[in-house]
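As structure tokens, the structure follows; a few thoughts come after it.
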Amino acid sequence: MTVKQRLADASYWVYDRMRHKSAFESAAQPGTAPDFAGLREHKYALLVTFRRDGTAVPTPVWFGLIDDRRFVTHTEERTAKVRRIRRDPRARVFPCDPRGKPLGPGVEATARILETAEERDQAEAALDSRYGRTRRVYDKVMVDQGDMVYLELAPAT
């Protein structure tokens, strides 16, 4: 395991312990918003994925929007949320604060891992336009860039 992976694992552990208790309560509730427009004014989103037994697992993430119909984020490929999405593409997204406290209605969504370079470039541009240098510095320090995947969510139909 690399130093960056150990650092990331430690930060995930800290973030898990800091997660707001209402994140879990809201994650279990269905989304009512029709699209991601309610996220425009927020810096964080609560991405909810589902375990095999149906348990909702909330994770605060940085995100970008490509119109109000596509939500993008990136994460390390080895994370549990990626494994859960590969198995079950159902997801929910709520606007939230940095600790995951929901700040508005959620959206029922379908997630997928972006495969083409063009899709990943578009997702990166959306993230970069939203967070700029702050995210780039964080990623350089905390994340092994070779193991990143981009996720795209669209409102479920």
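The values are calculated or read from the model by the stated rules, or taken from the named source; none is laboratory data. Model, not experiment: these values are computed from the prediction. Cβ coordinates were reconstructed from backbone atoms using ideal geometry, including for glycine residues, and neighbour counts include every protein chain displayed.
If Trp13 passes every condition in (1) of a type in the set (Phe, Trp, Tyr); (2) over 23 Å from Leu153 (Cβ atoms); (3) at pLDDT 90 or above but one, which one does it miss?
Only one criterion in (1) of a type in the set (Phe, Trp, Tyr); (2) over 23 Å from Leu153 (Cβ atoms); (3) at pLDDT 90 or above is unmet by Trp13, namely (3).
Out of the residues in segment 108-129 meeting the condition of being surrounded by fewer than 13 Cβ atoms within 10 Å (Cβ to Cβ) and of a type in the set (D, E, K, R), tell me which one is nearest to Ile66 (Cα to Cα). Spell out how you get there, then give the answer.
Of the residues in segment 108-129, the ones surrounded by fewer than 13 Cβ atoms within 10 Å (Cβ to Cβ) are 115-118, 121, 129.
If we keep only those that are of a type in the set (D, E, K, R) as well, we get 115, 118, 121.
On the way: Glu115: 17, Glu118: 14, Asp121: 12 Å.
My answer is Asp121.
Would you point out the residue of segment 95-126, among those that are of a type in the set (Gly, Ala, Ser) and closer than 28 Å to Ser22 by Cβ, that is farthest from the chain's Cα centre (by Cα)?
Going residue by residue through segment 95-126, those that are of a type in the set (Gly, Ala, Ser) are 100, 104, 106, 109, 111, 117, 123, 125-126.
Subset that is closer than 28 Å to Ser22 by Cβ: 100, 104, 106, 109, 111, 126.
Working: Gly100: 11, Gly104: 16, Gly106: 13, Ala109: 12, Ala111: 10, Ala126: 14 Å.
So the residue we want is Gly104.
Please list, ordered by residue number, the strands (runs of 3 or more DSSP E) wholly in segment 22-120 having 3 or more residues that are within 18 Å of Glu152 (Cβ to Cβ), modelled with pLDDT of 95 or more and of a type in the set (A, V, I, L, M, F, W, C). So that I can check it myself, show each step before the final result.
On the way: elements: 44-50, 56-61, 64-66, 70-76, 90-96, 107-113.
The qualifying strands (runs of 3 or more DSSP E) are 44-50, 90-96, 107-113.
Could you tell me whether Ala56 is hydrophobic (A, V, I, L, M, F, W, C), surrounded by fewer than 15 Cβ atoms within 10 Å (Cβ to Cβ) and touching a strand residue (DSSP E or B) at 6+ places or on another chain (Cβ under 8 Å)? Give the derivation first.
Numbers: hydrophobic (A, V, I, L, M, F, W, C): yes; surrounded by fewer than 15 Cβ atoms within 10 Å (Cβ to Cβ): no; touching a strand residue (DSSP E or B) at 6+ places or on another chain (Cβ under 8 Å): yes.
No, not satisfied.
How about segment 50-90: which of its residues are farther than 15 Å from Tyr150 by Cα and among the small types (Gly, Ala, Ser)?
Matches in segment 50-90: Gly54, Ala56.
Just to be sure, is Val137 modelled with pLDDT of 95 or more, of a type in the set (Val, Ile, Thr) and either crowded, with 21+ Cβ neighbours inside 10 Å or assigned to a helix (DSSP H, G or I) (or both)?
Details: modelled with pLDDT of 95 or more: no; of a type in the set (Val, Ile, Thr): yes; either crowded, with 21+ Cβ neighbours inside 10 Å or assigned to a helix (DSSP H, G or I) (or both): yes.
When the stated conditions are applied, Val137 does not pass them.
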